[in-house]
Every structure is written in C-alpha cells, then in structure tokens.
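*Asks:* Before we start, here is the structure in question, set down as structure tokens.
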Amino acid sequence: MGAKNLARANYISSELLGRKRETVEIVTEEPIENIMKEVETDTTIDRHEVMDMCEELLNEPLHALDHDYALKGLKFAFDSNMPPQMVALDASQAWMVYWIANSMQVFNETTIDEENKRKMVEKLFLMSEDKGPFSGGEGQLPHIASTYAAVNALALCDNFDNCWDQLDRKAIYKWLLSLKQTDGGFTTCNPVGERDIRGVYCALSVASLLNIMTDELIEGVLEYLQKCQTFEGGFGATLLQDEAHGGYTFCAVASLCILNKLHTINVEKLMEWCSARQYNEEMGLCGRGNKLVDGCYSFWVGSTAAMIEATTGVECINKQALRKYILNCCQSTTGISLRDKPGKNGDFYHTNYVLMGLAITESTFKYKMEPNKKSPFDLVSIPSTTEDKPSDLSSINPIYGLPSDVVRKFHKHFV
Ligand SMILES: CC(C)=CCC/C(C)=C/CC/C(C)=C/COP(=O)(O)OP(=O)(O)O
Ligand SMILES: [Zn+2]
C-alpha cells in the first residue's frame, strides 16, 4: 500500500467508520491468501467436472443437429420391444409413447406413419378401457400425469381411426372434478396421490385441449398458483413455500397462460429467476440455485421464458448461448441421441425436452390476439432469422409441449 493509499485508508477508518486505531501497514513477501473461498460440496466438485467437459465441446465450432441419427433411434423404439431394464418405467408407458412420438413429430411432421399411429392408439387405449382417463400401464389406476401424456400422444395421432372421437370427455371431466382439492389444487390419483402443482397443470392442459373447462373445475386454481410463487421468483411444488424449481415453475407458468392470468403474479421477479438459471460457463440452464446444468431444463425453463416473451415481449434467457449448449454438449453419438449433459447417456425423456428446447432457441414468441385476449391456442412461435443454419424443427407451443399445428387442430376438433 503506498503512502497515499495508507492516508486514504486512515481517513475512511477514522472519519467515515469512526475507528480510533491507526491503520497499520504490513509488508510481506508471502502471497496473501484469499479468505473468501467457495464452499466445496459434492455439487461444486461435480460442477467443475461438468464445466471442464463443456468447455472442451464449447470451444469447437457450432455442431449441427444430427437428424438422421436421432430419428433412427426413435424409429427403432417404435419397431422393437423395450429392453428388460425398462420395466422400471412400467407406470410411465403413456409418457414413453408421448416422448417418442412427439420427438418424431418435432423433427418432421410426416415421420409418424399410419402403422405407428395404429400402434400408438392401440397401446394408449389398453391403458384406459373406457377411453379416458388413462393410467400409466395396463391394469393400473388412472393418473393425472398419465392422462396428460396419453392425451398429448393422441393429439399426435391426427384422429387416426377416429381416436379423438372415441375419447370419453364426459368421464374425463367427471374424474378431473373428483381430483379437485379444497385448496384449489388437484391430487394426481384416487384414492391416494401426490398433491402438487403438476396436478394443476395436467388438469388444465387436458381440460383446455378437450374443451371441457368450466368455472367449477378452475375455482380456486388461480389463488393456488399465485401462492406457489416463492421469494426467489420461481415456483415451488406446493403451498408450503418449498424451493423454486424449473419443472414446477413450468407447470405454474403454463397453467397461468391457460387461464390468461400470467400478469397476476410477480413477472419481473420470475424473469430474474429464469435468467439466473443460465450459467455463463456451460451456457445451458439449471433447474434451481447451485445445481447442475441439464438439457431438459432447455424446455422446462426455456418454455417458461418463451411464455414470458410472448406475454411481455422481453427475452429473459440467452437463446443463442443455450442453443450452443444443446448442439455442442447434448448430442450423444452412442445410444439414444439427446442427453442431459456430457458424460451422460441419451434417453427418450431428454430427447423430447432437449429437442423442444432447441426449437425454442430458434424462434421468437408472441400472441396473435390483442393483449387482453391471450388464448393459449393463439401463442405463436415464429422462426428467428438470426440463426446461420437453423435445425429445421417444427414450431412448438410452449404451453402444451406439442407442435403448434397439432395443438391448434386437436383443440379445434372439440370446439
Ligand atoms: C407435466 C409434468 C408432470 C411436468 C413435470 C415437471 C417437472 C417437475 C420436471 C422436473 C424434472 C426433473 C429433471 C427433476 C429432477 O429434479 P432433481 O432434484 O433430480 O434435479 P436438479 O438437481 O436439477 O434439481
Ligand atoms: Zn434432465
């Protein structure tokens, strides 16, 4: 410290901080160790490993999306029996159908051929002999998340074999009402099931698509959703002020968009929270504070950002950076094509959500109608013109997690 700086330090100490003792200058040969250290935890150690793997891939020029490789894996899934280890997903069969079919459709509108549609309809109706509501596997209890996945999967079948007309919408409505709770939320299953914001989103998504939404069904829902926004700006799973998380925030924001009520929560804080999910180093998104980047949040958080963009006109994540994380770090060259992060295997869940996240990074979002008439079916995604080589994916409706034209056609069928 030079004489001038010492005098300044003394001035600040005595005059501004009111300290009586003189500032002492110590000259040392030893380097001064920084006492402000990052707390080291299992997650910080893992994050440094992930950052190193990403750095190498991000230093490479932008990769192109390998359509052929990804589609080969998806088609194989339709043509083959699942391997024995997939038994762990026995209650998620409707989800598997949706993830695989939706990924195919996001790649190209014509990839689900008639034979695949036949197989899908047959399989989905095995999970609901009465044609709705749906369980996650044959002989299991109906579940709200399986019903959401099955309805989305049927939407992708383009009324093959009149499957849309076969749906028992009255029975689905009655069942949704039976899941409703006095706090405005929905349970996932009768007689026992989880009660969190996923139930609300699945109920509203299904009811709005099938045009069975009533005041009775949505009574108290807005208040429930508003109470789930936490001090961080994102949304927790329940009314218990649990930690804000990308998955639950998506469910809340999409539900608010279905109700045209996004403006009734603290959108500014929500935007701050979304922005904070993106890391400078990896360029991808995480699901909550101090956790690792994961490709699936390209949809859960990316679509939240897209809905905010459509509502406010403001982008709260860096889409170009996210695009680079997806293209350079989330493409696997072995097994199923898209993955969570380098070092992980690809899977159908990540393939679906990473792909939709990529489509979001290459689009801008707005509502077709004037501000106070925001219908979820009028949220449009427009290909952005800035991408050098766009990945040529379908335009996505971020509220439903389906291609926009599929949402429009399916909903119109029931109006
Ligand atoms: C429609 C519907 C049912 C949507 C569900 C949305 C939802 C809750 C998604 C979250 C998925 C996810 C990666 C959880 C991991 O939590 P973690 O604690 O293992 O991961 P983290 O470390 O990234 O937080
Ligand atoms: Zn993930």
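*Asks:* Binning at 5 angstrom from zero up to the longest distance, how are the C-alpha pair distances of segment 200-334 distributed in percent?
*Replies:* With a bin width of 5 Å, the distribution comes to 2, 11, 21, 22, 17, 13, 8, 4, 2, 0.
*Asks:* Report, in cubic angstrom per residue, the convex hull volume of the C-alpha atoms of segment 57-207.
*Replies:* Considering the Cα atoms of segment 57-207, their hull volume per residue is 150 Å³.
*Asks:* Ranked from highest to lowest mean number of other Cβ atoms within 10 Å per residue, what is the order of the peptides 388-400, 14-26?
*Replies:* Per-residue Cβ counts within 10 Å, averaged per peptide and sorted highest first, yield 388-400, 14-26.
*Asks:* Could you compute the net charge surrounding T333? Neighbours are other residues with a C-beta less than 14 Å from the C-beta of T333; K and R count +1, D and E count -1. Write down the numbers at each step before the final one.
*Replies:* Values: positive: K72, R339, K344; negative: E60, D66, D68.
Combined, the nearby Lys, Arg, Asp and Glu give 0.
*Asks:* Report, to the nearest whole %, how much of the accessible area of segment 239-297 belongs to carbon and sulfur atoms, 1.4 Å probe, protein only.
*Replies:* Values: 1080 of 2320 Å².
The nonpolar share, carbon plus sulfur, comes to 47 percent.
*Asks:* Still on this model: Within a Cβ distance under 11 Å of E129, other residues only, what is the Lys/Arg minus Asp/Glu net charge?
*Replies:* Working: positive: K131; negative: D130, E138, D168.
Charge balance near E129 sits at -2.
*Asks:* Could you do me a favour and compute the accessible area per residue for segment 118-216, 1.4 Å probe, result in Å²?
*Replies:* Computed with neighbouring chains in place, this is 41 Å² per residue.
*Asks:* In a solvent-free Debye calculation with one equal scatterer on each Cα, what is log10 I(q)/I(0) for segment 1-74 at q = 0.16, 0.21, 0.23 Å⁻¹, listed in the order of the q values?
*Replies:* -0.86, -1.01, -1.09
*Asks:* Taking the Cβ of L58 as the center, what net charge do the other residues with Cβ under 14 Å away carry, scoring Lys and Arg +1 and Asp and Glu -1?
*Replies:* On the way: positive: R323, K324, K341; negative: D52, E55, E56, E60, E281, E282.
With Lys, Arg at +1 and Asp, Glu at -1, the net is -3.
*Asks:* Separate question: For K389, go through the lysines and keep the ones whose alpha-carbon is under 18 Å away, minus same-chain ones fewer than eight residues off.
*Replies:* Excluding near neighbours in sequence, the set is K319, K324.
*Asks:* Quick one: accessible area per residue over segment 1-60, 1.4 Å probe, rounded to a whole number of Å²?
*Replies:* The answer is 95 Å² per residue.
*Asks:* How large, in percent, is the carbon and sulfur part of the accessible surface of segment 356-415 at a probe radius of 1.4 Å?
*Replies:* On the way: 1520 of 2770 Å².
Result for segment 356-415: 55 percent of the exposed heavy-atom area is carbon or sulfur.
*Asks:* If contacts are Cα pairs under 8 angstrom and at least 6 residues apart, what is the relative contact order of segment 295-340 in percent?
*Replies:* Relative contact order comes out at 34 percent.
*Asks:* Going by average Cβ neighbours within 10 Å, how do the peptides 220-233, 41-54, 140-153, 337-350 rank, with the highest at the top?
*Replies:* For the peptides 220-233, 41-54, 140-153, 337-350, the packing ranking is 140-153, 337-350, 220-233, 41-54.
*Asks:* Points 7 angstrom from Cα along the Cβ direction at E315 and E55: gap in nanometres?
*Replies:* 2.7 nm
*Asks:* D for the chain, whole µm²/s, Stokes-Einstein with Kirkwood Rh over alpha-carbon pairs at 10 °C and 1.306 mPa s: what number?
*Replies:* After rounding, the answer is 69 µm²/s.
*Asks:* Normalised by the number of residues in segment 161-251, what is the relative contact order in percent for Cα pairs under 8 Å and 6+ residues apart?
*Replies:* Values: 103 pairs, mean separation 19.9, N = 91.
Relative CO of segment 161-251 lands at 22 percent.
*Asks:* Before I look further, what does segment 227-310 give for accessible area per residue, probe 1.4 Å, in whole square angstrom? Present the calculation step by step, with values, prior to reporting the outcome.
*Replies:* Values: 2820 Å² over 84 residues.
Per-residue value: 34 Å².
*Asks:* I would also like to ask the following. Sorted by accessible area (1.4 Å probe), largest first, how do D158, D294 line up?
*Replies:* On the way: D158 70, D294 20 Å².
Putting D158, D294 in descending order of accessible area: D158, D294.
*Asks:* On average over all directions, what projected area in square nanometres does segment 126-199 have, based on the convex hull of its Cα atoms? The partial results should precede the final answer.
*Replies:* Working: hull surface 19.9 nm².
So the Cα hull casts an average projection of 5.0 nm².
*Asks:* By how many nm would the segment from R8 to K409 grow when fully extended, if each residue of separation counts as 0.36 nm and the alpha-carbon distance is taken off?
*Replies:* Working it through step by step, the gained length comes to 137.2 nm.
*Asks:* On a C-alpha basis, how far is the centre of segment 214-276 from the centre of segment 42-120 in Å? Whole number, if you could?
*Replies:* 28 Å
*Asks:* Using Cα pairs under 8 angstrom and six or more residues apart, how large is the relative contact order of segment 118-207, in percent?
*Replies:* Details: 117 pairs, mean separation 23.6, N = 90.
Normalised by residue count, the contact order of segment 118-207 is 26 percent.
*Asks:* Ok, one more. Near K117, which aspartates and glutamates are there with a Cα under 19 Å away, not counting those fewer than 8 places off in the same chain?
*Replies:* D79, E109, E129, E138, D158, D161, D165, D405
*Asks:* So, by mean Cβ neighbours within 10 angstrom, what's the order for 195-204, 301-310, 235-244 with the highest one leading?
*Replies:* 301-310, 195-204, 235-244
*Asks:* Can you return the lysines within cross-link range of K180? Criterion is Cα-Cα under 30 Å, with same-chain partners fewer than 8 residues away left out.
*Replies:* Hits, sequence-local ones excluded: K123, K131, K170, K227, K261, K269, K373, K374, K409, K412.
The values are calculated or read from the model by the stated rules, or taken from the named source; none is laboratory data. These figures come from a predicted structure and were not determined experimentally. We place every Cβ from the backbone using ideal geometry, glycine too, and count neighbours over all the protein chains shown. Remember, those area values only see protein heavy atoms, side chains included, never the ligands or the DNA or RNA. Shrake-Rupley method; radii C 1.70, N 1.55, O 1.52, S 1.80 Å.
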